[in-house]
1. Across segment 24-35, in residue order, what do the Karplus-derived ³J(HN,Hα) couplings come to in whole Hz, using 6.51 cos²θ - 1.76 cosθ + 1.60 with θ = phi - 60° and x for Gly and Pro?
2. Hey, could you get me the Stokes-Einstein D for segment 110-171, Kirkwood radius over alpha-carbon pairs, 20 °C and 1.002 mPa s, rounded to whole µm² s⁻¹?
3. Going through segment 75-145, which trypsin sites (Lys or Arg not before Pro) have at most 14 other Cβ atoms within 10 Å and a DSSP loop state?
4. In what sequence, largest accessible area first, do THR77, THR63 appear using a 1.4 Å probe?
5. What's the local net charge at ARG133, with K and R +1, D and E -1, over the other residues with C-beta under 14 Å away?
6. Out of the total accessible area of the chain (probe 1.4 Å, heavy atoms of protein only), what percent is carbon and sulfur?
7. Across segment 199-215, in residue order, what do the Karplus-derived ³J(HN,Hα) couplings come to in whole Hz, using 6.51 cos²θ - 1.76 cosθ + 1.60 with θ = phi - 60° and x for Gly and Pro?
8. What is the Cα coordinate range of the chain on the first, second and third principal axes, sorted by size from largest, in whole angstrom?
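The values are calculated or read from the model by the stated rules, or taken from the named source; none is laboratory data. Everything numeric here is computed off the predicted structure, so don't read it as measured data. Reconstructed Cβ throughout: ideal geometry from the backbone, glycine too, with neighbour counts over all protein chains shown. With ligands, DNA and RNA removed, areas are computed over all heavy atoms of the protein, side chains included. Shrake-Rupley method; radii C 1.70, N 1.55, O 1.52, S 1.80 Å.
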Amino acid sequence: MEYRDIFQALKGVGDMNLSSLALPVAETGFALYPINCNPAHVDKIVVNMLTEARNRSRDSFLTYFEATSERTFQWITSNVANDSTRILFALREIGKRELYGYMGLAYGDASGARIEGDAIVRFSDTNRPGLMRKAFLSLVEWVITDIGIKEVWVRVRSSNPAVNFYNQCGFSVEFEMPLYEINGSMGVLEELSEVPLKDDAVMSADSLFHMKYQR
Ligand SMILES: CC(C)(COP(=O)(O)OP(=O)(O)OC[C@H]1O[C@@H](n2cnc3c(N)ncnc32)[C@H](O)[C@@H]1OP(=O)(O)O)[C@@H](O)C(=O)NCCC(=O)NCCS
């Protein structure tokens, strides 16, 4: 079975439904639960977490916008559901409803050789040191060992303290790309892009680190 079919099945939008499976995070009592992208089964609590956490970590990502529950629901049930190279997981304690955070994989290539860790965010204010690292490593090792995707990368803004988090997870910077500011019609910063969309595009003070996982 191709990795994309497995992702769709885990998201509850494939030919097969594997959405009730979870990835345990060894020796923590927590597990990664695939986020169901079927409109009939989207969990409101998950939508609220994604919305709130996205707004809190606005400067961590490349796109700037105000997340709302409606927008997040649309994103899950269209963008995430229809993109078979992408999957998101919610992290929570086994047997509990309270969510600790979320993390995903995205931008997998057609041959199944390469993928990126994406949207890795702690939601809980109660920090359990090392839990996000252990969970992300479980996800990375799962995609390498069980799914068979050999290369895992992350892209992270150079100013983000998460660079150190990824270092602690075994990722190292392979190369660095400039970022360009994309402004909307009102002149408000909407996005940082790796591609200058105009000749006079302004270069951001931030660059983008491409980091690769080394076992
Ligand atoms: C990045 C993030 C998920 C880390 O969560 P966390 O709960 O601190 O993670 P952990 O406790 O598992 O930390 C693991 C390691 O990363 C390091 N680390 C985590 N956050 C760090 C920070 N802000 N600055 C420096 N180091 C950090 C810790 O020192 C720890 O190392 P150790 O185990 O040797 O002590 C969290 O800070 C977050 O949600 N950030 C906002 C969203 C974001 O920027 N995501 C990445 C987008 S590319």
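1. x, 9, 3, 6, 10, x, 10, 8, 9, 9, x, 7
2. Answer, rounded: 169 µm²/s.
3. LYS96, ARG97
4. I get THR63, THR77, largest accessible area first.
5. It works out to a net charge of +1.
6. 50
7. 4, 9, 4, 8, 7, 7, 5, 8, 10, 10, 8, 9, 10, 10, 6, 10, 5
8. 51, 39, 38
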